[in-house]
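Below is one structure, written out as C-alpha cells, with a few remarks after it.
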Amino acid sequence: MTTIAVYSLKGGVGKTTLAANLAWCAATRSSRRTLLWDLDPQAAASWILGREGKRDRAQAAFSREVDAHRLIRPTGTARLDLLPADASLRDLDHQLREMDKKKRLSKLIAGLGDYDCVILDCPPGLTETAEQVARAADLIVIPVLPSPLAQRAYHEVERHLGGRTATLPVHAMVDRRRRMHLDMIAARSEWPVIPMASVVETASAAHRAVGEAAPRSAAAAAFLDIWQRIERRLAF
C-alpha cells in the first residue's frame, strides 16, 4: 500500500482540491483501490466528496477508541473510499504529543485494509501531525503558489524535512496572464502546473472531480499529469 500526502506550510494554496482530484484520478484513471484520508479539521476534502463526518470521532481513531477502518465511507466514485474529518481533529497535535507515539499514523495506515494507495489531505503548518505524515508517506506532494513568499514557504518545508521523505512540488493556481507567474514557472520548468481555472471551483462546489465535471479542460489534464508523474516516480 502506497501512501501519498498532500501538504503545504500555508493554507489557501489548493491543497485539498489537489488531494481530492489525485484520489479521483487514482481510482478512475488507474483503477486503483484508493482511500482519501482527510486529516484537516476543516474537513474540506470530506465536503468535496460529499461525505462529511457527522460525529466527532475522527480523533478517536488515533487513540484507538474507535477502529479507523470502521470510519471509512464509500463515495460516489467506484474504488474510491473516504475516511472523513471532523472538528475533533483540532486537538490532534496535542493528542499525538501526549501519546508520544511517533509512528501512530503509519501503524493506523497499515491497518486500513486492502488499498492500493492512501492519499492524505494534511492540515497546513509545521505540526506534530506533519511529523507523523513525514514518517508515514512515501511521497509528499506540495502545492506552491507562483510567488516569492510561497516559494520561501516551500523551501522551509524542504529544510524541515531534510530529505527524510521524497517530495513533488507543484505550481498551483497559475495565471499565465501574470508576468510573475510566468517567471516563476519558467524558473522551475520541471514542476507540474495547475492552472487557475473557474472549472476547479465549480467542480468542487458540485462535489465532483474536475476530470468528471470537465474532462477536456486544461485543469483536468493537469491533475491527471500529476497523478501519472506520481505513478512513474513510485513505480507502483
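All of the numbers you see were taken from the coordinates with simple rules; none came from a lab. What you see is a predicted model; the values in this text were computed from it and never measured. Positions of Cβ are backbone-derived with ideal geometry, glycine not excepted, and every protein chain shown enters the neighbour counts.
Structural remarks
- Built amide H within the under 5 Å cut-off of ASP86, gap 5+: ALA58
- Cut-off 12 Å between beta-carbons: net charge of the residues surrounding LYS103, Lys and Arg +1, Asp and Glu -1: +3
- Counting charges near ALA166 (Lys, Arg +1; Asp, Glu -1) among other residues having Cβ under 10 Å from its Cβ returns a value of +1.
- Since only ALA235, SER88, LEU108 are under comparison, the one whose Cα sits farthest along the positive direction of the charge dipole of the chain, derived from C-beta charges on Lys, Arg, Asp and Glu, is ALA235.
- Crossing angle, helix 148-161 versus the chain [Cα axis fit, 0-90 degrees, rounded to tens]: 40 degrees
- Candidate values (i) 24; (ii) 28; (iii) 19, label of the one derived for percent of Cα pairs over 30 Å apart: (iii)
- Relative contact order for the chain, counting Cα pairs under 8 Å that sit 6 or more residues apart, in percent: 26 percent
- Gyration tensor (alpha-carbon) shape descriptor, the stretch 74-207, a/c threshold 1.5: oblate
- In nm, spacing of pseudo-spin labels at ARG216 and ARG90 (7 Å Cα→C-beta vector): 4.6 nm
- Neighbour net charge for THR16 - beta-carbon separation under 9 angstrom, K R +1, D E -1: -2
- Its Cα centre serving as origin, the chain has a Cβ charge dipole (Lys and Arg +1, Asp and Glu -1) of approximately 360 debye.
- Antiparallel %, DSSP beta bridges [both residues in the chain], to 5: 10 percent
- A Förster radius of 22 Å combined with the Cβ-Cβ distance from ALA205 to GLN151 puts the calculated FRET efficiency at roughly 0.15.
- Distant-in-sequence amide H partners of LEU145 (H built 1.01 Å from N, under 5 Å): ALA172
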